[in-house]
There are 2 protein chains.
Amino acid sequence: MAGIRDVAKLAGVSTATVTRALRDEASVTAATKAKVRAAALRLDYVPSAAARALSRGRSNLLGLFVPDITNPFYAQVAQGLEDRAAEARYHCVIASSHLNPERERHLLTSFQDGTLAGLAATTVGTDEGFTTALGATRGPLVLVDRRPRGIKAPLVRTDNRKVTRGAISQLFEMGHTRIAMISGPRDFDTACQRLSGFRLAYKAAGTALPDELIRHGHLGEAGGYKAMNELLELDPRPTAVFCFNNLVTVGALKAIREARLRIPVDISILAFDDMNLFPLVEPPISAIDQPAYEMGRAAADLLLRQLDGERGLGDVVLPATMIMRESLAPPSTR
Amino acid sequence: MAGIRDVAKLAGVSTATVTRALRDEASVTAATKAKVRAAALRLDYVPSAAARALSRGRSNLLGLFVPDITNPFYAQVAQGLEDRAAEARYHCVIASSHLNPERERHLLTSFQDGTLAGLAATTVGTDEGFTTALGATRGPLVLVDRRPRGIKAPLVRTDNRKVTRGAISQLFEMGHTRIAMISGPRDFDTACQRLSGFRLAYKAAGTALPDELIRHGHLGEAGGYKAMNELLELDPRPTAVFCFNNLVTVGALKAIREARLRIPVDISILAFDDMNLFPLVEPPISAIDQPAYEMGRAAADLLLRQLDGERGLGDVVLPATMIMRESLAPPSTR
DNA sequence: TTGTATGCGTTATCAG
DNA sequence: CTGATAACGCATACAA
């Protein structure tokens, strides 16, 4: 395991010069660089990450904190973050909390040791211990998708309200008047925003929105399944349902299938977040697609710029787009 | 940013004792531990990861190398690895190469700086530069899913051949005699093993296997789409198709849909690797399910044990299981 | 443009 | 059981 001193000796220069030459600094002669590189190559020299991190005061690792890496949405965010990070020679540490606030807090505190140069996070916790842990993060912090209460950091998100409003308005135009929503936890700002867009569409249509059509606090497949079953018991049944996110949609679809209802004849379905199998489901599911990959890239970018000393960065709002497939149709008149 | 010396001073002990107390070593008095802990807590002391890594000679980071983190199979592997790693207070660095051998090699070499204490990898590269890079890995190495030629390290895999043979035999029992396979790259040992199981089933059925029924070298959605289109042009058409992996299946399904063929009436489909939307596709897709999460855990476990000094660890073979859904049926007789 | 010397914050060795 | 101190391997300020 050759060290910098070995390289220096072989190249006939000082260790300082080795560092500079290998970083390709302008202040080093081309000739010297060549010598050093040759020596480094011959000795298979690779600078120690730990030593460098200690000496420079920060690592070349970016953290990504997500509720569930198994959810394709977050996996795409991860890929985007990683790609952008790689361009700046950073690597990514990914931590997935399984939607478990306790685990999340634990993970978060375990990263206060400077392992990470910066952190991009989508979190689910809301209690104070969690907020403290998030705030105590060393180095820059960027929020992805949603902002926990009381945390001040740049956020990368989509315009939830606007896109939802537009999509739901389309449902009204199709003739639906009884549109339900399976919404997420009340303290998720994303849930609030999507709900707000939903209400706006109702308002624009001049239709009253009965409370029973909104089911709060659902997350994951299980949540979607449960909520949909509740909605199916309503009388009259909603003619269309808007699902908070991809996994909620999957659960909802399973409930509908079990109830042997047909989409879109008996009920129309609109998902938030696309999935690559949605086109293959029977019928193909319409969805509001968030640019997950780009969100990841944007988050990395924000982190990198802060690491470069930039201050006062604002939120990044990316466009979400409606993808029309066959799960949406006018309500059947019977 | 309190350091270990501050804690030592406040607690009235030496830095060595602080280290020992905080690691809860048996050689330290309960009273001393209490003093040290109190001091550390009061100063918000968190040991520096970089300093520790430098001093101890290795980090607490495990690497995971995958072709595509966006593929749910690998995301589950990642989750398993991470969960197991967390139990031993390790974190995970995940690198996804987009199936790009060059990027893969680049990533690999960038990890020779000791960032990682160990590496779990599923790779796609085959050239020499790549093999060298993988072999030059610092610290323990574990292979997941498949083993590149010439690399010697413990492998976590499923019994591809056996499970494939069993599944294909079931198709023969249903009455199929013209079963095709969309296989992966010839130099993937997984492809070889699944193909071998496939041939075995043919042999057991006493049926000759025409070359045209095997399409080699396909990967990803695009590969599956292309291969399936080729198969559909065959005359007579195969009555059943076995797809190498999850994404290949997705591509194949799209081709079938475009051709307006019905599953399983016109053609039966069997996938390798399950996906959480397969039950919702019309019809629900039968699949051979690999325990991805468990594979990730096993990989982490193998890594951790090597880090603990264990040697001579062997391969881990986990069972894959056939999940019968509705995409498989006897061939229609017309 | 290059060299010297010191610091980075722990951990581990070796006494006591 | 605890303390003093030497690594760990690189980067940087300061000199030259």
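The values are calculated or read from the model by the stated rules, or taken from the named source; none is laboratory data. Model, not experiment: these values are computed from the prediction. Using ideal geometry, Cβ is built from the backbone for each residue, glycine included, and neighbour counts are taken over all protein chains shown. The area values use the complete protein model at the heavy-atom level, side chains included, leaving out ligands, DNA and RNA. Shrake-Rupley method; radii C 1.70, N 1.55, O 1.52, S 1.80 Å.
Here are the numbers:
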{"item": "Local electrostatic count at B:Ala34 - Lys and Arg +1, Asp and Glu -1, tallied over other residues with Cβ under 13 Å", "result": "+3"}
{"item": "16 Å Cα-Cα reach of A:Lys254 towards lysines, excluding residues that sit fewer than 8 places from it in its own chain", "result": "A:Lys226"}
{"item": "Note, ³J(HN,Hα) from phi for the stretch B:229-243, Karplus 6.51, -1.76, 1.60, rounded to Hz, x at Gly and Pro", "result": "4, 5, 5, 5, 8, 5, 9, x, 5, x, 9, 8, 10, 9, 9"}
{"item": "Under Karplus coefficients 6.51, -1.76 and 1.60, residue-wise ³J(HN,Hα) of the stretch B:14-22 in Hz, glycine/proline x", "result": "8, 5, 4, 5, 4, 3, 5, 5, 5"}
{"item": "Spin-label pair B:Glu87/A:His216, simplified geometry with 7 Å Cα→Cβ offset, distance in nm", "result": "3.9"}
{"item": "Accessible solvent surface per residue of the protein assembly as shown, calculated while the other protein chains remain in place, 1.4 angstrom probe, Å²", "result": "43"}
{"item": "Pairwise label distance in nanometres, A:Ala136 with B:His106, each label 7 Å out on the Cα-Cβ vector", "result": "3.8"}
{"item": "Span per principal axis, largest first, for the Cα atoms of the protein assembly as shown (Å)", "result": "81, 67, 55"}
{"item": "Surrounding net charge for A:Gly251, when Lys and Arg each add one and Asp and Glu each subtract one, Cβ distance under 9 Å", "result": "+1"}
{"item": "Under 12 Å, Cβ to Cβ, from A:Arg199 - net charge with Lys/Arg +1 and Asp/Glu -1", "result": "+3"}
{"item": "5 angstrom amide H check on A:Thr158, placed H, neighbours 5+ away", "result": "A:Leu318"}
{"item": "Reachable lysines from B:Lys9, criterion Cα separation under 20 angstrom, eight or more residues apart if same chain", "result": "B:Lys33, B:Lys35"}
{"item": "Rounded FRET efficiency, nearest 0.05, which uses the C-beta distance separating B:Val317 from A:Asp187 and R0 of 35 Å", "result": "0.20"}
{"item": "Buried area at the A-B interface (accessible, heavy atoms, 1.4 Å probe, summed, Å²)", "result": "4400"}
{"item": "Inter-part distance where the stretch A:41-91 and the stretch B:237-263 are each reduced to a Cα centre, Å", "result": "38"}
{"item": "Lysines with Cα under 27 Å of B:Lys152, excluding same-chain neighbours fewer than 8 positions away", "result": "B:Lys162"}
{"item": "Amide N proximity, the stretch B:248-281 versus B:Arg237 label position 7 Å along Cα-to-Cβ, cut-off under 15 Å", "result": "B:252-270"}
{"item": "Degrees between helix B:246-258 axis and first principal axis of chain B (Cα, 0 to 90, nearest 10)", "result": "40"}
{"item": "Label point distance in nm, B:Ala38-A:Ser169, each placed 7 Å from Cα along Cα→Cβ", "result": "6.5"}
{"item": "Cα point-scatterer Debye curve for the stretch A:206-297, base-10 log of I(q)/I(0) at q = 0.10, 0.16, 0.23 Å⁻¹", "result": "-0.26, -0.64, -1.21"}
{"item": "Copies compared at B:Arg186 - label distances in nm, ascending, label defined 7 Å from Cα in the Cβ direction", "result": "6.4"}
